[in-house]
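Colleague: Encoded as structure tokens, here's the structure I'll be asking about.
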Amino acid sequence: MTDRPFLRRGPSGPLAEPGPTGPTGPTGSTGPAGGPTGATGPTGATGATGATGATGDTGATGATGATGATGATGATGATGDTGATGATGATGATGATGATGSSAILSWGNDNVGAGASTRFLSPWFEDDLAQTTTIVWDAPRAGTARNMRVRHNVPSGSATVITYVLLVNGVATALTVALAANVAAGSDLVNIVAVAAGDRLSLRATKAAGASPTDILVTTELA
């Protein structure tokens, strides 16, 4: 090759300072989409629970629910103290008078009727003494009929003298009579019946001849 002096490169000069950056060019068009989306990675560990937030406002009251079934009865509690006694109420009206009872028992009695012949009158109920010679009466408590006279010589004597016991109504002897020997313990008249009005005077007469008297004499009759 022929040496051409006019084409010979001279030494390089110093580097010039870089010029200013030119303006940004327009954005190029989006390149084609990349490959398919990769698989979802594993779920990470649950993070720590955050602090409790502030309590929200109270919501509106809900509708009342249906009434539940009645529960079992509880045990009975202890008895309380007795309260103060209340005021006495007004007296009620008097009820009707009840029916008359079926019967009453009238009785007479004395320790004895004496040893001599005599007429004596026994005391109502019983008197531990010699029967009197004057009349002793009781008033009949109600109307009815005297019946079933019974005589008791609780301690008979050794005498066979007969003593006659008679019911008197208003001083008049009636058919209700028992004749009993002094040495016999008991006798009765269960046959005769005598009408008695309320308030009639009743007495019991004992008549005897001489002879030892029994003691503790009792006479009863039923007023039915």
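The values are calculated or read from the model by the stated rules, or taken from the named source; none is laboratory data. Source: prediction; values computed, not measured. Virtual Cβ from ideal backbone geometry, glycine too; neighbours counted across all protein chains shown. Areas reflect the complete protein model, heavy atoms only, side chains present, ligands, DNA and RNA absent. Shrake-Rupley method; radii C 1.70, N 1.55, O 1.52, S 1.80 Å.
Colleague: Ignoring everything but the protein chains, give the 1.4 Å probe accessible area of Arg142 in square angstrom, nearest 10.
Modeller: Approximately 50 Å² of Arg142 is accessible to the 1.4 Å probe.
Colleague: Still on this structure: For Cα pairs less than 8 Å apart in space and 6+ apart in sequence, what is the mean separation divided by the residue count of the stretch 119-217, i.e. the relative contact order in percent? Could you put the intermediate results ahead of the total?
Modeller: Values: 251 pairs, mean separation 39.0, N = 99.
Computed value for the stretch 119-217: 39 percent relative contact order.
Colleague: Give the accessible area for Thr27 in Å² (nearest 10); use a 1.4 Å probe, count only protein heavy atoms, and leave out ligands, DNA and RNA.
Modeller: 140
Colleague: Next up: Just to verify a number: what accessible area does Asp81 come out at with the full protein assembly present, 1.4 Å probe, Å² rounded to tens?
Modeller: The accessible area comes out at roughly 150 Å².
Colleague: What accessible area per residue, rounded to a whole number of Å², is obtained for the stretch 106-224 using a probe radius of 1.4 Å?
Modeller: On the way: 5110 Å² over 119 residues.
The answer is 43 Å² per residue.
Colleague: Quick one: order Leu204, Leu130 from most to least accessible surface, probe 1.4 Å. Write out the running numbers ahead of the final one.
Modeller: Working: Leu204 0, Leu130 65 Å².
Heavy-atom accessible area, descending, gives Leu130, Leu204.
Colleague: Further, regarding this structure: Hey, could you grab the Kirkwood Rh for the stretch 173-224? Inverse mean 1/r over distinct alpha carbon pairs, Å, one decimal.
Modeller: Working: mean 1/r = 0.0760 Å⁻¹.
Radius from the Kirkwood sum: 13.2 Å.
Colleague: Can you give me the % of accessible surface on the stretch 102-224 that is carbon or sulfur? Probe 1.4 Å, all protein chains present, nothing else counted. Could you put the intermediate results ahead of the total?
Modeller: Details: 2960 of 5400 Å².
C and S fraction of accessible area: 55 percent.
Colleague: All other residues with a Cβ under 13 Å from the Cβ of Glu127 taken together, and with Lys, Arg as +1 and Asp, Glu as -1, what is their net charge? Each step should come with its number before you reach the end.
Modeller: Values: positive: Arg120; negative: Asp111, Asp128, Asp129, Asp216.
Within the 13 Å Cβ shell, the charges total -3.
Colleague: Follow-up question, since we're still on this one. In debye, nearest 20, what is the charge dipole magnitude of the stretch 91-224 about its Cα centre with +1 on Lys and Arg Cβ and -1 on Asp and Glu Cβ, if you could check? Walk me through the intermediate numbers first.
Modeller: Details: 8 positive and 9 negative charges, 60 e Å.
With only Lys, Arg, Asp and Glu charged at Cβ, the dipole is about 280 debye.
Colleague: Whenever you get a sec, line up Ser103, Ser213, Ser29 from highest to lowest accessible area (probe 1.4 Å, protein heavy atoms). Don't skip to the answer; put the middle values down first.
Modeller: Numbers: Ser103 55, Ser213 20, Ser29 115 Å².
In descending accessible area the options line up as Ser29, Ser103, Ser213.
Colleague: Using alpha-carbon pairs under 8 Å, 6+ residues apart, how would you state the relative contact order of the stretch 162-224 in percent? Working shown, then result.
Modeller: Numbers: 83 pairs, mean separation 24.5, N = 63.
Across the stretch 162-224, relative contact order equals 39 percent.
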